[in-house]
1. If only Cα atoms are counted, what is the Rg of segment 106-266, and what is its Dmax, in Å?
2. Tell me, what HN-Hα J-couplings in whole Hz come from the Karplus equation 6.51 cos²θ - 1.76 cosθ + 1.60 at θ = phi - 60° for each residue of segment 37-47, using x for Gly and Pro?
3. Which order do Ser69, Ser20 take by accessible area at a 1.4 Å probe, largest first?
4. Put +1 on the Cβ of each Lys and Arg and -1 on the Cβ of each Asp and Glu in segment 1-98; which of Asn3, Cys59, Gln19 then has its Cα farthest toward the positive end of the dipole?
5. Round to the nearest 10 and report in Å² the accessible area of Met37, as given by a 1.4 Å probe over the protein chains' heavy atoms.
6. Among Asp52, Asp152, Asp11, which one moves the most in a GNM of the chain with springs linking Cα atoms closer than 10 Å?
7. Quick check on the chain: of the DSSP beta bridges with both residues there, what percent are antiparallel, nearest 5%?
8. Tell me, what is the percent relative contact order of segment 106-266, built from C-alpha pairs under 8 Å that lie six or more residues apart?
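The values are calculated or read from the model by the stated rules, or taken from the named source; none is laboratory data. None of the values given here were measured: they were computed from a predicted structure. Virtual Cβ from ideal backbone geometry, glycine too; neighbours counted across all protein chains shown. Accessible surface areas use protein heavy atoms only, side chains included; no ligands, DNA or RNA. Shrake-Rupley method; radii C 1.70, N 1.55, O 1.52, S 1.80 Å.
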Amino acid sequence: MRNIALIVSYDGTDYSGFQSQPCGNTIQDKLEHAIFMLSRERVKLTGSGRTDAGVHARCQIVNFTTSSSIPIERWAIALNTRLPQDIVVQCALNVSDEFHARRHAISKTYRYTINCNRIPDLFRRRYEFHHPTPLDFAEMRASLEHLLGEHDFSSFTSPQSTKPSHVRTILDVRLEIETDPFSPANHLNESGKSWDERYYPGKQRGVIHLYVTGTGFLYNMVRIIAGTLIHIGEGKKTAAQMAPILAARDRAKAGPTAVPHGLSLWEVRYEELDPVRQEQAVYRF
């Protein structure tokens with residue numbers, strides 16, 4: 001028997017999430033069916049983590065055991081001919097018998113994208129939340145330092161969470177901004193100020209990419225962090241309030257749960273997998 005790991009990217013728009021469910025139509029179901037069509041084996045995939053309905057993945061890692069003699073270099077191309085176009089296997093790797101995609105992950109990175117330009121991006125509308133008014137980027141950035149380190153993230157998880165502990169460790173959190181030089185917001189009027197400067201002082205337009213890296217995450221955790229950041233950017237909360245929100249351990253204190261389609265599982269790291277090869281295999285949205 002061989003243990004094979006796959007690096008998988010998918011557009012989650014039309015699926016009920018990654019993990020198999022009674023209703024079907026999940027990423028796991030499609031992958032397992034493609035493996036059966038190729039190898040005639042019924043396998044049970046192990047994923048690095050769940051993604052909810054509508055959430056995407058740039059880098060989902062799965063593993064499964066097989067007795068098939070198909071060469072490792074043929075798996076990705078062969079599976080892709082049997083998968084829908086919105087699911088792509090980037091790479092297949094032989095891994096040790098002990099490798100487990102979920103238990104052996106040393107860190108995961110999620111990306112949440114907010115487009116606060118006036119006009120939505122037609123070509124990226126499936127992968128970003130359109131927020132048509134500008135946000136205070138500086139205040140949003142200032143709030144992030146409070147999330148670093150080990151904390152109880154009860155304020156940032158669903159009340160339906162069944163985890164025995166809500167303590168998690170955030171290793172890195174940052175914002176990257178794409179500005180649009182052609183945005184009408186950058187055009188000056190006769191007074192020398194843009195329309196946004198007049199009506200939204202201190203706020204900016206652009207596409208915000210929120211990256212959150214941690215050793216583990218709770219249900220809806222990144223989406224609630226993103227929703228809280230949006231409230232901070234709008235001025236409904238301040239950066240200084242992030243620490244009290246975290247300390248309260250009360251979901252009602254944080255912001256809303258941001259819509260799922262802005263979220264992507266961006267990267268998963270393992271000691272066993274070669275980081276360079278893993279990075280080269282991954283499709284970038």
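1. Calculated on Cα positions, Rg and Dmax stand at 16.3, 60 Å.
2. 4, 7, 9, 6, 10, 8, 10, 10, 6, 10, x
3. Sorted descending by solvent-accessible area, the residues read Ser69, Ser20.
4. About the Cα centre, the residue reaching furthest to the positive side is Asn3.
5. Rounded to the nearest 10, that gives 80 Å².
6. Fluctuation is largest for Asp152.
7. Within the chain, antiparallel bridges account for around 90 percent of the total.
8. After rounding, I find 39 percent.
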